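The values are calculated or read from the model by the stated rules, or taken from the named source; none is laboratory data. Quick caveat: nothing in here was measured; it's all calculated off a predicted structure. All Cβ positions, glycine included, derive from the backbone under ideal geometry; neighbour counts span all protein chains shown. In case anyone asks, the SASA skips ligands and DNA or RNA and just uses the protein heavy atoms, side chains included. Shrake-Rupley method; radii C 1.70, N 1.55, O 1.52, S 1.80 Å.
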Amino acid sequence: MISNSFKSLYTGRYIQQISQYRLFCTSTSATATKTDASKFHLCIIGSGPAGLYTASKVHKHLPDANITVLEKLPYPFGLVRSGISPDHQNEKKVKNTLEKVLIEHPQLIHFVGNVTIDKDIKFQDIQKNFHAVVLACGIEGDRKLGIPLEDKLKNIYFARDFLGWLNGNLKDQNRKFDLTGKNVAIVGQGNVALDVARLLLKKNSDELKKTDITSTAFDQIHKSGVKNIHIIGRRGPLEVSFTNKELREILNLPGINTYINDISTLDLSPEQISKLDRVRKRSYDLLKEHLKPLESEQQLENTDKMNLIFHFLRSPVEFIGDESGGDSLVGMKLEKNELVNDEKTNQLKAVGTKEYIDLQCTSVFRSIGYTGTKQFTGVPFDFKSVSIPNHLGKVRKDVESPEFIPGLYVSGWIKGGPSGSIPNISHSSEETAAQLYLDYSTNQIDLNNSVSGEFGFQSVLSILKNANHRIINYDDWKKIESEEVKRGKEKGKLLEKIIIFDDLTNIINNGN
Amino acid sequence: MNIIKLKSIFTPSSLVTSYSRCGDKSLFVRYFSSKASNTDKKDLVTFNYINKDGSKSTVSAPVGENVLEVAHDNDIDLEGACECSVACSTCHVYVEPKYYNMLPEPTDEENDMLDLAFDLKENSRLGCQIVLTKELEGMTVTLPSASRNMFVDGYKPPKH
């Protein structure tokens, strides 16, 4: 028999009650002893939404646990800072939720930024110095198209790098994006593709200018010569991965024309429409309402407005270089596809028809997903699902193994694959934190320190200090942030992000 | 046997909570204005939350407040990542069907967010879009949970 009268399990107010609650007690009598987790040291790798959500949810279960959050970048918040588009400030507000755990528990929960695993500190050393480790570092490695001339021609980019660049992400600041041409193509039908399109369409937006987009990036977008934006997807309008919010937003932008390459793909019978699920039906309605047929190239010329063209059922099969044989991109060869039911997966898949068309474009952004890279010694990676094999956040010894690596957990994209936004990450972290808490409560986490002397956070500090490595802690980050706010104010914008590492360290050293 | 003991706790608005608030009202103003309205019993709505662990909390809050704000005032663990700007679905709740039908239809923007909600059901709504009215007296809203089934007996943690 178990009582669920612990109303306060997840709430901050009754922390005392939580710690007095014994998970598997069999009676309601008050015989519970206080769960003392003050000797428990947890390391979380990654300080994006997955890392900080996990920290806060573990803290709710084990309020006196010591948590160290390691981050590769000099600042926290991962894709909230460097991935969410600057014109989506409402989505960026989650920063406030994430930051709370760092603000409220400075003695227990430590942010250690500018630390690259296996370069600055060995992964094995982290495992040795903590009772448990949660990998929450997202997924790296963008998928290429794998077609001729992709690596030879200029102006072929990853959409994620572009978002990172205009968001002031340090690692993307040496990139150059050529936006001078009239025709830009974006391959992929997810929200990142729409982010790129929307930002290019907003080149004259004063609102965009006042966000946290870097001034350099805004100036370049503002001066761009882009007139036609082609979004290319191998499947049809009913298979898109755009979410309806993003679709509604871009289709309703003022002063643009929105076209579809083949309007017949939107001809559905009432019966077919009635079979669509909720989300599909809503996106179908949006596309049907807003997209006009593109009948000739002339339509794009005879207007002062910018044009957004959705190309469905098209796969890029080759990049086209200029006639001189140099490295300039002039277009892409697209193959027309048809949808065929895949008997294995029972899903519609795009199959080429050997019919080709050429699309003129001088810059291309790829946004077709992620490949993943194996990041940690001794930790398996499943390249098929682009994630670390796990059960409810516990890392398996191998892809199909029923056994687990003791004390090792995953959360966020690296746990479930590279898709999903804040609500999914929050739930992913809740599940992992609950699993970790259960393991802790049932003594499945070894609390004996295998090394003598320093442990946990202190040991990380010592290792990095001995290597003469510069770390950036939470207070350092706050100095950077207040400088960004100050510089932003001077320019009439939300933030002016610091985009040079030496500037960051100068600000920290000078305390201004 | 698994006995779920439902516990009703009335917790008044508290100053200690540091959850982000909706709108521009400061903590100070919110605290005292909600205190002031608490004195007028006619404008209070009493309703229930089913928490992530399955327990029940009964609260009273003034007409005009939304289910997310009231949750934060009462330390109910309902998230509000976008602070009521309808840009996420972290405050997603299930509304008891009888009361669900009394609510005004969700806007396109709310529906766009519900599309993305974890474990969407027929009676899903965003907490920040449910504004308390007198007719919602006695309503129950349930928080989705990713871990509720881990905390009932019979659960066997996987072995290392």
> Can you find a residue in segment A:406-429 that is in contact with a His (Cβ under 8 Å, 6 or more places away or on another chain), under 23 Å from A:Thr116 (Cβ atoms) and not acidic (Asp, Glu)?
Replying inline: yes
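So that you can scan it fast, the table gives a plain yes or no per residue for (1) in contact (Cβ under 8 Å) with a residue 60 or more places away in the chain; (2) in contact with a strand residue (DSSP E or B) (Cβ under 9 Å, 6 or more places away or on another chain); (3) facing chain B (nearest Cβ under 9 Å):
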{"site": "A:Glu400", "(1), (2), (3)": "no, no, no"}
{"site": "A:Leu408", "(1), (2), (3)": "yes, yes, no"}
{"site": "A:Lys415", "(1), (2), (3)": "yes, yes, no"}
{"site": "A:Ala434", "(1), (2), (3)": "yes, no, yes"}
{"site": "A:Asn443", "(1), (2), (3)": "no, no, no"}
{"site": "A:Phe455", "(1), (2), (3)": "yes, yes, no"}
> How many of the residues making up segment A:301-324 are in contact (Cβ under 8 Å) with a residue 60 or more places away in the chain and among the charged types (D, E, K, R)?
Replying inline: 2
> So which residues in segment A:184-225 are among the small types (Gly, Ala, Ser) and either under 19 Å from A:His88 (Cα atoms) or modelled with pLDDT under 95 (or both)?
Replying inline: A:Gly190, A:Ala193, A:Ala197, A:Ser205, A:Ser215, A:Ala217
> Do any helices (runs of 4 or more DSSP H) lying entirely in segment A:152-263 carry at least 2 residues that are within 14 Å of chain B (Cβ to nearest Cβ), and which ones are they?
Replying inline: A:191-201, A:244-251
> For the subset of segment B:64-88 comprising residues that are open to solvent by 20 Å² or more (accessible area, probe 1.4 Å) and under 10 Å from the mean Cα position of the chain (by Cα), which member is farthest from the other protein chains (Cβ to nearest Cβ)?
Replying inline: B:Glu69
> Which condition number in (1) within 12 Å of A:Tyr53 (Cβ to Cβ); (2) open to solvent by 50 Å² or more (accessible area, probe 1.4 Å) is the one that A:Arg396 fails?
Replying inline: (1)
> Looking at B:Cys91, is it free of Cβ contacts under 8 Å to residues at least 12 places away in the same chain, within 29 Å of A:Arg280 (Cβ to Cβ) and touching a helix residue (DSSP H, G or I) at 6+ places or on another chain (Cβ under 6 Å)?
Replying inline: no
> Pick from segment B:89-111 the residues that are at pLDDT 95 or above and open to solvent by less than 10 Å² (accessible area, probe 1.4 Å): which of them is farthest from the other protein chains (Cβ to nearest Cβ)?
Replying inline: B:Val95
> Has segment A:110-119 got at least one residue that is hydrophobic (A, V, I, L, M, F, W, C), assigned to a loop (DSSP other than H, G, I, E, B) and more than 11 Å from chain B (Cβ to nearest Cβ)?
Replying inline: yes
> in contact with a Phe, Trp or Tyr (Cβ under 9 Å, 6 or more places away or on another chain) and either aliphatic (A, V, I, L, M) or open to solvent by less than 50 Å² (accessible area, probe 1.4 Å) (or both): does that describe A:Val226?
Replying inline: no
> Looking at (1) of a type outside the set (Phe, Trp, Tyr); (2) surrounded by fewer than 24 Cβ atoms within 10 Å (Cβ to Cβ); (3) farther than 21 Å from A:Val379 by Cβ; (4) touching a helix residue (DSSP H, G or I) at 6+ places or on another chain (Cβ under 9 Å), which is the one condition that is false for A:Asp120?
Replying inline: (3)
>> Filter segment A:297-312 down to the residues that are under 27 Å from A:Glu246 (Cα atoms) and either β-branched (Val, Ile, Thr) or open to solvent by 30 Å² or more (accessible area, probe 1.4 Å) (or both) and list them by number.
In response: A:Glu297, A:Gln299, A:Glu301, A:Thr303, A:Asp304, A:Lys305, A:Ile309
